[in-house]
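Below is one structure, written out as structure tokens, with a few remarks after it.
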Amino acid sequence: MEQSLSEASVPQLEVRAPGSDRVLRPGPAYTIGRDLDCDIVIANLRVSRRHAVLRLESGHWVLADDGSTNGIYVGDLRVDRIEITGECLVRLGHPVVGVQLRCTLIAPERPTTIMPAQAAPTLPPGVTRLAAARTRPAPPAEPRPVPPTHIGR
């Protein structure tokens with residue numbers, strides 16, 4: 001499946017929940033709930049069978065309540081929908097003891113630019129470059145003869 005230009009610029013979404021850590025690609029909507037048919041399954045009785053949905057809206061990731069019984073909480077506030085703009089921590093089912101769901105945007109990969117090979121610098125006429133294979137280290141210096149030492153007279 002080929003991504004559109006707008007999807008290519010939308011970051012992936014890392015989702016962490018008990019028993020389910022995933023990286024979601026932009027495109028389809030992803031369901032969260034207890035039902036085994038959900039994309040992210042959370043086995044907790046505070047979580048509805050189809051509790052929430054993660055989807056793109058106008059190029060931004062959104063977490064929306066999908067008609068759950070116990071709701072989505074940001075801090076103490078129950079919300080129907082939250083736009084994910086960086087890292088987001090919500091609780092499903094209860095503001096204090098509900099299941100934690102952490103969503104984090106992952107920056108899209110940028111294409112690697114390959115730079116053309118640089119040409120070797122030009123040398124003035126008459127000057128040549130020695131090849132590295134032809135150069136040798138200088139030989140060690142030969143030891144100087146030590147003059148004899150006379151002890152006594």
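The values are calculated or read from the model by the stated rules, or taken from the named source; none is laboratory data. Just so you know, these numbers come straight off a predicted model, no measurement behind them. Neighbour counts are summed over all protein chains in view; Cβ atoms, including those assigned to glycine, are modelled from backbone coordinates with ideal geometry. For the accessible areas, the whole protein counts, side chains as well, though only heavy atoms, and no ligand, DNA or RNA atoms are used. Shrake-Rupley method; radii C 1.70, N 1.55, O 1.52, S 1.80 Å.
For segment 61-115, a residue qualifies if it is modelled with pLDDT of 95 or more, of a type in the set (S, T, N, Q) and either open to solvent by 50 Å² or more (accessible area, probe 1.4 Å) or in a loop (DSSP other than H, G, I, E, B) (or both), and the qualifying residues are Ser68, Thr69, Asn70, Gln100.
Screening Ile32 against (1) out of contact with any Asp or Glu (no Cβ under 8 Å at 6 or more places or on another chain); (2) of a type in the set (A, V, I, L, M); (3) touching a residue at least 24 places away in the same chain (Cβ under 8 Å) leaves a single unmet condition, (1). Is it fair to say Gly33 is of a type in the set (Gly, Ala, Ser), under 25 Å from Pro11 (Cβ atoms) and modelled with pLDDT of 95 or more? So Gly33 passes the test. Looking only at residues of segment 19-60 that are acidic (Asp, Glu) and part of a loop (DSSP other than H, G, I, E, B), we find that the one that is surrounded by the most Cβ atoms within 10 Å (Cβ to Cβ) is Asp39.
Scanning for something part of a strand (DSSP E or B), of a type outside the set (S, T, N, Q) and either within 23 Å of the chain's Cα centre (by Cα) or buried (at least 16 other Cβ atoms within 10 Å of the Cβ) (or both), does segment 5-12 turn up at least one residue? Within segment 5-12 (the criterion being part of a strand (DSSP E or B), of a type outside the set (S, T, N, Q) and either within 23 Å of the chain's Cα centre (by Cα) or buried (at least 16 other Cβ atoms within 10 Å of the Cβ) (or both)), the answer is no, since none of the residues qualifies. Evaluated against (1) in contact with an Asp or Glu (Cβ under 7 Å, 6 or more places away or on another chain); (2) at pLDDT below 95, Arg136 falls short on exactly one condition, (1).
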